[in-house]
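Here the structure comes first, spelled out in structure tokens, and everything after it is commentary.
Here, each number is a calculation from the coordinates, and none is a lab measurement. Given the structure is predicted, the values throughout are model-derived calculations rather than measurements. Don't worry about glycine lacking a Cβ; one is built from the backbone with ideal geometry, like all the others, and counts go over all protein chains shown.
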Amino acid sequence: MERLLHYVWKYKLYPPETLVTTKGETVSVIDSGIQNTNSGPDFFNAKLKIGDITWAGCVEIHDKASDWLRHNHDKDKAYDSVVLHVVGVNDRQIYNTNGILIPQSVLEVPEAIRRNIDWLLYRDTDIPCLSAIKEIEPIQLSMWLSALLGERLERKTNDILSMLKQYNNDWNEVFYITLTRSFGFGVNNNIFERLAKSLPLRYIQKQRGSISQIESMLFGQAGMLDESIEGCHHYNLLQQEYKFFRHKFGLQPLEKHLFKTMRMRPNNSPHVRLAQLAALWFRNDTLFSIIIEEKNIDELRKLFKAQPYDFWLTHYNFGHPSPSSDKQISENSLNILLINVVIPMLFAYGYKNNNPKYNEQAIRFIEGIPAEANAIVSTFRNAGMKVHHAGDSQALIQLKREYCEKKKCLYCRIGFRLLKRLYP
């Protein structure tokens with residue numbers, strides 16, 4: 001209820017003539033104030049006319065007037081600046097720390113708003129407003145998608161900046177870890193990240209002249225070289241090389257069983273992904289340093305078009321030959337890497353260095369990538385939303401996970417537009 005009162009107050013979704021104090025004085029809202037998401041009163045810098053007097057100060061909102069005492073605001077000087085207490089139920093008078101009576105008003109929520117809020121918040125469906133989305137103006141949807149994309153990139157930026165602190169602002173190392181994690185392609189993300197953190201990039205860079213040595217470290221650290229396989233020369237070579245590097249660098253391998261392989265397409269197997277990753281680092285050294293200088297997304301794609309070692313043309317894993325097939329990373333997988341690694345890293349780099357050209361470049365790149373094909377995007381598309389590129393699909397993922405699933409309809413612009421339409 002209190003969340004609804006906040007919403008109705010903020011957007012003035014109440015009949016103005018009903019706003020009076022419990023003493024019968026008329027309240028005219030000149031400015032609702034700025035909503036405060038931290039400690040202290042709920043709205044700062046409000047401007048109100050109560051009776052014949054104009055007040056400037058804070059507004060506090062509670063379900064019940066007695067919540068003022070329950071939250072100990074009567075003993076907190078931070079609340080002495082409150083000029084109006086807005087409540088759903090008036091069950092007592094309240095005072096500030098100086099014993100001064102604070103004007104109080106019961107906020108009436110229009111029945112249409114209350115009914116439709118209930119419809120949004122308590123419907124037994126993942127996306128309550130789905131059937132009404134097509135009624136929202138396209139320009140409003142477009143603006144909301146842009147804001148959602150910004151939110152998603154900001155969240156990813158914070159994750160990257162947090163990792164940078166752990167790795168002494170080494171952008172190449174953080175890029176390497178983020179990229180390796182994404183080579184897990186969902187099901188193996190966490191264990192691929194652990195692999196990268198157990199094998200520093202500098203060890204790989206030292207062996208960049210030999211793809212077999214890079215493979216040996218990646219497969220060895222993944223615990224995939226601890227068996228005896230007769231007749232597989234490539235496996236035995238990697239096994240011997242890893243034995244040397246393990247001793248030289250003091251490496252401790254992970255356990256092979258941690259890498260999931262069940263019900264997985266062959267080209268998405270951990271073995272193929274590690275072979276692709278090895279080919280990428282064999283071809284490039286400080287990959288991120290190259291990426292931040294690239295201006296063309298087609299040229300950016302070429303950086304990732306690295307062909308794995310010839311052994312993998314006829315293998316999906318060690319010891320079991322298969323019909324020859326190209327193991328180069330697919331266009332769809334490449335798009336996923338660009339969306340989840342390259343673009344967030346560029347955006348974070350621009351933010352960290354206060355250089356908006358990288359942020360703009362990240363947005364330009366993501367708008368040049370086709371929209372993702374997944375259940376979330378399909379659901380919104382079927383409801384009538386236009387999804388033009390990967391920026392839109394990322395925005396819809398943000399919408400579903402951060403608003404729909406968390407029932408934050410009151411903070412969603414779609415929910416707001418639907419309610420605003422009901423109460424002009």
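Listed values, structure above:
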quantity	calculated
Approximate spin-label separation Asp52-Lys23, in nm, with each point projected 7 Å along Cα-to-Cβ	1.4 nm
Protection proxy ranking of 313-322, 264-273 - average other beta-carbon atoms within 10 Å, highest first	264-273, 313-322
Glu331-Thr314 pseudo-label distance in nm [points 7 Å out on the Cα-to-Cβ vector]	3.0 nm
The chain - mean residue ellipticity at 222 nm from DSSP helices (-39,500 (n - 2.57) per run, n ≥ 4, rounded to 500)	-13500 deg cm²/dmol
Relative contact order (%) - criterion: Cα under 8 Å, at least six apart; region: segment 2-109	26 percent
Ranked by how many other beta carbons lie within 10 Å on average, peptides 139-145, 229-235 from highest	139-145, 229-235
Read-out mean projected area of the Cα convex hull in nm², derived from the coordinates shown; its label in [x] 29.6; [y] 21.2; [z] 26.1	[z]
Relative contact order for segment 167-329, counting Cα pairs under 8 Å that sit 6 or more residues apart, in percent	23 percent
Summed residue charge, Cβ within 14 Å of Gly24's Cβ, Lys/Arg positive, Asp/Glu negative	-2
Potential lengthening between Lys64 and Asp76 on full extension [0.36 nm per residue; Cα-Cα distance subtracted]	2.5 nm
Computed lengthening from Ser142 to Ile229, 0.36 nm per intervening residue step minus Cα-Cα distance	25.7 nm
Reference-scaled alpha-carbon Rg (2.2 N^0.38 Å with N residues) for segment 2-109	0.95
Neighbourhood charge, 11 Å Cβ-Cβ cut-off, centred on Asn98 and excluding it, Lys, Arg +1 and Asp, Glu -1	-1
Estimated distance in nm for a label pair at Asp91 and Ala383, the labels positioned 7 Å out from Cα along Cα-to-Cβ	3.6 nm
Value of relative contact order over the chain, rounded to a whole percent, pairs C-alpha under 8 Å and six or more apart	14 percent
